[in-house]
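Written below as structure tokens is the structure these notes are about.
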Amino acid sequence: MKERLYLYDTTLRDGQQTQGVQFSTQQKQRIARALDDLGIDYIEGGWPGANPTDNEFFTDAPDTRAVLTAFGMTKRAGRSAANDDVLAAVMNAGTGAVCLVGKTHDFHVETALGIAPHENIDAIAASLAHVVGAKREAIFDAEHFFDGYKANPGYALECLRAARDAGARWIVLCDTNGGSLPAEVHAITRAVIAAGIDGARLGIHAHDDSGNAVANTLAAIDAGARQVQGTLNGLGERCGNASLVTLIPTLLLKEPYASSFDLGVSRDRLRALTRISRMLDDILNRLPDKHAPYVGASAFAHKAGLHASAILKDPTTYEHVDPALVGNMRDIPMSNQAGQSNLRRRLAEAGIEVAADDPRLAAILEDIKAREDQGYAYDTAQASFELLARRALGLMPRFFDVKRYRVTVERRKNKYNRMVSLSEAVVVVKIGNEKKLSVSESMDEQGNDRGPVNALSTALSKDLGPYQSYIDDLRLVDFKVRITDGGTEAVTRVIIDSEDGSGHRWSTVGVSPNIVDASFEALLDAILWKLVRDKASA
């Protein structure tokens, strides 16, 4: 008989403590819906009364299957729970569950709160009883618990008993400073259960300051805890929280967890995990971590020829799970370490079947190696690789020709006597027998200069006649520049990441001593690859 393991997401509250992260109300609603669709059991929406965004979120909270939870703190000393205005704001959010944080380390009680230890215990008991009395599910976040237990186990346990006796459904052991190690977490969690706190009511909240948040969470589960707290992509203050994006597939796909626990997330819903992870990065306007477990773009990438050859025979030779289970995909990058196994597999993924004895395979590999000697990098620019291979195999349609382009950069004083820069790009293309000239400036609608590459990109994609509808939803999402050789003869490599309206991303590369020329090559490849992928007619 499997036990139920409950998932508690705190992205909208603890995740918002991440430096540089500030969700809007609409973004919080979108994330909450995605978490609910995934199958999370509890969604912590924020701290009512702490800021206008959290107030707006709870006022217009989405309807969820998950238990929406408001976060706050235990009442302050010297007043009753019913007369504490901070606690009242949390209760007035009207959520099905309320999570209150309270001190369990006597050092913090006396130093940070400046009250006697017994006053803190009274505050925990009175606050949780107030929540229970209002017919809400009560959750107690035992702040600094592991450090507190190591310093004074008797007092730390007394705090937990106060919450339990007041009727708390969950008592969550917090590694607030993130410095505990898995063996400690396991031993202390076992000791808490042995002291009379039922494991079925215990949760774990781990921070990642020592890089052990996920391992500490698993250690607590192994010891008997049955609620898991964490955030999407490990967002959180300082080094972050335990990543639910790593924990969920581990619990669903790895033993002994897969056969021991039931989760609200099903195997079918798990396939949305990569999309949800990248959705969050898109909301934060940051690049996804390519090396993130399970969902990273490199999580199932196989660069070496020997590895790719084995993958062709049996993917389990170098993959611990099927990438499709988490909505990810296998990637066979092309590089100067590649063998023909990589090449044929990558071509097959692009829908190009080539016989193993085709002499053009060796020629393509030699071309890749020669180009990488010049500065190209095809392991991170798969779209450019595909175009290179199609040209070599005679499978590249001729959509249009670029006859010429010009970019000018002017720096001058504006009417406010401030120095500003302005770029202008002119691109001439030939489509069939017709030439088209497009001009674009780098100034955006707010009057800011977006630079020469932006002007060039806009001009190139401004009027491509019959192909315009294919590229109207194309946008540049990242632009990386690398100098591959130093000195006055330096070579510049530009990697461009593009995205279409459906969220599909691809990367292209350009190399030249001239950064604008390298950028144009990568921009042109981005457009051509989309036309090929969308099967535009040449």
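The values are calculated or read from the model by the stated rules, or taken from the named source; none is laboratory data. All values derive from a computational prediction rather than experimental measurement. Backbone-built Cβ (ideal geometry, glycine too); neighbour counts: all protein chains shown. The area values use the complete protein model at the heavy-atom level, side chains included, leaving out ligands, DNA and RNA. Shrake-Rupley method; radii C 1.70, N 1.55, O 1.52, S 1.80 Å.
Placing a label point 7 Å from the Cα of ARG450 along the Cα-to-Cβ direction, the residues of the stretch 509-538 whose backbone N falls under 15 Å from that point are 523.
Convex hull volume of the Cα atoms of the stretch 216-278, normalised per residue: 86 Å³. For ASN152 and LYS413, the difference between the fully extended length at 0.36 nm per residue and the C-alpha to C-alpha distance is 87.3 nm.
Net charge in the neighbourhood of LEU287 (other residues with Cβ under 12 Å of its Cβ; Lys, Arg +1, Asp, Glu -1) is -1. Across the stretch 226-238, computed HN-Hα scalar couplings (Karplus, 6.51 cos²θ - 1.76 cosθ + 1.60, θ = phi - 60°) run 10, 10, 10, 9, x, 9, 5, 6, x, 4, x, 4, 6 Hz from first to last residue, x flagging Gly and Pro. Of all DSSP bridge pairs formed entirely within the chain, close to 50 percent run antiparallel.
Applying a DSSP loop filter and a limit of 16 other Cβ atoms within 10 Å to the trypsin sites (Lys or Arg not before Pro) in the stretch 221-301 leaves ARG238, LYS254, ARG271, ARG286, LYS290. With N the number of residues in the chain, Rg(Cα) / (2.2 N^0.38 Å) evaluates to 1.18. Summary: within the chain, the longest segment free of GluC sites (Glu not before Pro) located in DSSP loops with at most 13 other C-beta atoms within 10 Å is 1-352.
Across the chain, Cα pairs under 8 Å and at least six residues apart give a relative contact order of 9 percent. With both labels modelled 7 Å from their Cα along Cα-to-Cβ, the ARG360 to ALA77 distance reads 8.0 nm.
Computed from the alpha carbon atoms alone, the convex hull of the stretch 353-459 holds 160 Å³ per residue. The residues packed around ARG65, meaning those with a beta-carbon under 14 Å from its beta-carbon, carry a net charge of -3 if Lys and Arg are +1 and Asp and Glu are -1. Ligands, DNA and RNA left out, the accessible area of the chain computed with a 1.4 Å probe is 48% carbon and sulfur.
Helix 25-38 and the longest principal axis of the Cα set of the chain meet at an angle near 80°. What is the stretch 43-193 by shape, rounded, prolate or oblate, if you read a ≥ b ≥ c off the alpha carbon gyration tensor as root eigenvalues and call it rounded for a/c under 1.5, prolate for a/b larger than b/c, and oblate otherwise? Judged from the Cα gyration tensor, the stretch 43-193 comes out prolate (a/c at least 1.5, a/b above b/c).
Of the whole protein surface, HIS307 contributes about 70 Å² of accessible area at a 1.4 Å probe radius. In the chain, the longest principal axis of the Cα atoms and the axis of helix 244-253 are about 90 degrees apart. The residues of the chain present an accessible area of 44 Å² per residue when probed at 1.4 Å with all protein chains retained. Over 25 Å apart at the Cα level, from the set LYS369/LYS480; LYS2/LYS254; LYS430/LYS535; LYS313/LYS530, are LYS313/LYS530.
Given a 1.4 Å probe and the protein chains as shown, TYR42 ends up with an accessible area of around 10 Å². With a Förster radius of 25 Å applied to the C-beta separation of LEU181 and VAL21, the computed FRET efficiency comes to 0.35. In the chain, the longest principal axis of the Cα atoms and the axis of helix 273-283 are about 80 degrees apart. With a sphere of radius 13 Å drawn around the Cβ of SER260, what net charge do the other residues whose Cβ falls strictly inside it have (Lys, Arg +1; Asp, Glu -1)? Taking every other residue near SER260 into account, the sum is 0.
Reducing the stretch 2-52 and the stretch 230-291 to their Cα centroids gives an inter-centroid distance of 13 Å.
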